[in-house]
Amino acid sequence: MQRRVLLGTALALTLAGLSPSAFAQSGGEIKIGEINSYSLLPAFTEPYRKGWQLAVEEINAAGGINGKKLVVVSKDDGGKPADALTAANELVSNENVVMLTGTFLSNIGLAVSDFAKQKKVFFLAAEPLSDAVTWSKGNRYTFRLRPSNYMQAAMLVEAAAKLPAKRWATIAPNYEYGQSAVGVFKKLMSEKRPDIQWVEEQWPPQGKIDAGPVVQAVAAANPEAILNVEFGADLVKLVREGNTRGLFKDRAVVSFLTGEPEYLDPLKDETPEGWIVTGYPWYSIKTPEHDAFLKAYQAKYNDYPRLGSIVGYETIKAAAAILAKANSTDPEKMIAAAEGLSLPSPFGEITFRKIDHQSTLGAFVGKTALKDGKGVMVDSVYRKGSDYQPSDTEVEKMRPKD
């Protein structure tokens with residue numbers, strides 16, 4: 001009997017020109033699905049969760065999305081692509097979410113992006129940085145918030161190319177993110193400095209670095225500068241071993257992500273000084289937009305934000321802005337609304353480019369330093385994402401036609 005009622009309801013909705021999913025959203029709320037590696041990478045994802053929860057609270061306090069309450073249904077992928085796909089399927093099929101958001105690791109972001117393409121579901125990638133997300137494996141259903149590897153590499157190369165060093169080594173986790181970051185940094189750096197040599201590459205498994213042999217191999221190649229792409233617990237092990245063996249003494253180091261508090265804070269007094277990094281110096285950003293975010297975040301959590309907090313917050317703010325502009329939960333209408341959409345962020349206005357669905361959110365570039373026994377970023381400057389993206393002609397060559 002219950003099955004007949006449900007079938008009858010679905011039929012009546014279809015005859016009325018409404019889909020059952022539209023009916024699911026008509027009861028006064030809109031549900032978004034969110035997936036991330038909470039149990040694997042808590043240093044980033046816990047602040048990230050706090051950020052998006054603050055955003056949901058603010059959105060609903062201001063009247064929701066066109067009068068409807070925003071509800072986020074969150075799942076943990078455990079750092080496994082297969083689990084992320086299971087979560088995505090459950091969110092779409094069982095929870096009737098109108099959009100997927102989140103993911104951290106690049107291989108997981110790419111897996112969920114492909115799911116979104118196959119199932120024709122809107123996906124707003126929060127954190128995965130691989131260039132493939134919006135270029136070689138980009139699709140019309142996927143948008144990304146964070147500045148890509150290309151964008152961050154271009155920012156770092158701007159400073160790195162001024163170094164006198166000619167012999168370079170690289171250390172990066174051996175999966176999609178690390179491979180992408182090293183590849184694009186080497187390409188852009190070699191274009192600006194054709195005189196440099198790449199003398200050593202180390203590819204430890206992500207989350208399982210054996211830092212002693214890695215440091216030894218790099219030191220044996222006698223580079224003048226090192227590109228580091230390690231993060232999290234692997235970064236702590238690398239820095240500790242590198243400090244012990246003198247790897248960083250009198251050598252320039254350029255490092256993706258190391259200036260983010262979630263990765264800088266655990267280094268404490270072991271923080272190496274003078275590394276050129278991207279990051280988030282929340283304590284030295286003096287703009288009205290960031291001041292408002294910082295005040296709200298500290299009032300709610302009695303803690304300072306990490307970069308994950310910004311990413312989580314702005315992901316849900318962007319999702320709400322897309323839904324509000326579309327005034328619909330139809331994926332095609334959301335895509336049309338998102339392409340070219342501009343909205344505020346704690347770092348200033350950002351725009352989702354129509355050509356590749358990449359946002360123009362930027363990053364801070366500066367140097368590491370020690371202050372009161374803690375690692376900090378100094379001499380930091382915000383680099384707008386729009387200034388570090390390739391031309392439309394280049395993007396068209398890299399991105400498949402929809």
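Go through Asp387, Asp330 for me and flag whichever is surrounded by fewer than 21 Cβ atoms within 10 Å (Cβ to Cβ) and over 20 Å from Tyr141 (Cβ atoms).
On the way: Asp330 fails: over 20 Å from Tyr141 (Cβ atoms).
Unique residue meeting the criteria: Asp387.
Suppose we filter the stretch 254-275 for residues that are in contact with a Leu (Cβ under 6 Å, 6 or more places away or on another chain) and aliphatic (A, V, I, L, M); how many remain?
Final tally of qualifying residues: 1.
Here's the yes/no breakdown for (1) modelled with pLDDT of 95 or more; (2) loosely packed, with under 15 Cβ neighbours inside 10 Å; (3) under 18 Å from Arg245 (Cβ atoms):
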position: Pro164; (1), (2), (3): yes, yes, no
position: Pro173; (1), (2), (3): yes, no, no
position: Val184; (1), (2), (3): yes, no, no
position: Glu201; (1), (2), (3): yes, no, no
position: Pro204; (1), (2), (3): yes, no, yes
position: Pro213; (1), (2), (3): yes, yes, yes
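Pull up the stretch 53-78, narrow it to residues that are within 19 Å of the chain's Cα centre (by Cα) and open to solvent by less than 20 Å² (accessible area, probe 1.4 Å), then point me to the one that is nearest to Glu127 (Cα to Cα).
Asp77
Of everything in the stretch 39-71, what is in contact with a helix residue (DSSP H, G or I) (Cβ under 7 Å, 6 or more places away or on another chain) and in a strand (DSSP E or B)? Give them in sequence order.
Within the stretch 39-71, Ile65, Lys69, Leu70 meet the criteria.
I'm told Gly109 meets every condition in (1) open to solvent by less than 10 Å² (accessible area, probe 1.4 Å); (2) farther than 15 Å from Ile335 by Cα; (3) part of a loop (DSSP other than H, G, I, E, B); (4) not hydrophobic (A, V, I, L, M, F, W, C) except one. Can you identify the failing condition by its number?
Going through (1) open to solvent by less than 10 Å² (accessible area, probe 1.4 Å); (2) farther than 15 Å from Ile335 by Cα; (3) part of a loop (DSSP other than H, G, I, E, B); (4) not hydrophobic (A, V, I, L, M, F, W, C) one by one, Gly109 breaks only (3).
Take the conditions in contact with a helix residue (DSSP H, G or I) (Cβ under 6 Å, 6 or more places away or on another chain), hydrophobic (A, V, I, L, M, F, W, C) and outside any helix (DSSP H, G or I) and apply them to Leu124. Does it pass?
yes
Among the residues of the stretch 187-228, write down those that are in a helix (DSSP H, G or I) and either hydroxyl-bearing (Ser, Thr, Tyr) or in contact (Cβ under 8 Å) with a residue 40 or more places away in the chain (or both).
Ser190, Val214, Val218
I'd like to verify a number: residues in the stretch 222-261 that are closer than 20 Å to Gly308 by Cα and open to solvent by 10 Å² or more (accessible area, probe 1.4 Å), how many?
Looking only at that region, the number is 4.
Given the criteria in contact with a His (Cβ under 9 Å, 6 or more places away or on another chain) and surrounded by fewer than 24 Cβ atoms within 10 Å (Cβ to Cβ), does Arg140 qualify?
yes
Select from the stretch 262-291 the residues that are within 20 Å of Pro47 (Cα to Cα) and hydrophobic (A, V, I, L, M, F, W, C) and write down the one among them that is most open to solvent (accessible area, probe 1.4 Å).
Trp282
Looking at (1) open to solvent by less than 30 Å² (accessible area, probe 1.4 Å); (2) in a strand (DSSP E or B); (3) farther than 29 Å from Pro266 by Cβ, which one does Leu323 not meet, given that it meets all the others?
So the condition that Leu323 fails would be (2).
I'd like the full set of residues that are farther than 17 Å from Phe256 by Cβ, of a type outside the set (Gly, Ala, Ser) and buried (at least 16 other Cβ atoms within 10 Å of the Cβ), limited to the stretch 364-384.
Kept after step one, since they are farther than 17 Å from Phe256 by Cβ, are these residues of the stretch 364-384: 369-374, 376, 378-379, 384.
Those still in the list that are of a type outside the set (Gly, Ala, Ser) too: 370-372, 374, 376, 378-379, 384.
Matches in the stretch 364-384: Leu370, Val376, Lys384.
The values are calculated or read from the model by the stated rules, or taken from the named source; none is laboratory data. Only a predicted model underlies this, so the values are computations on that prediction, with no experimental measurement involved. Cβ sites come from the backbone with ideal geometry, for glycine too, and all protein chains shown count toward neighbours. These area figures cover heavy atoms from the full protein model, side chains too; ligands, DNA and RNA do not enter into them. Shrake-Rupley method; radii C 1.70, N 1.55, O 1.52, S 1.80 Å.
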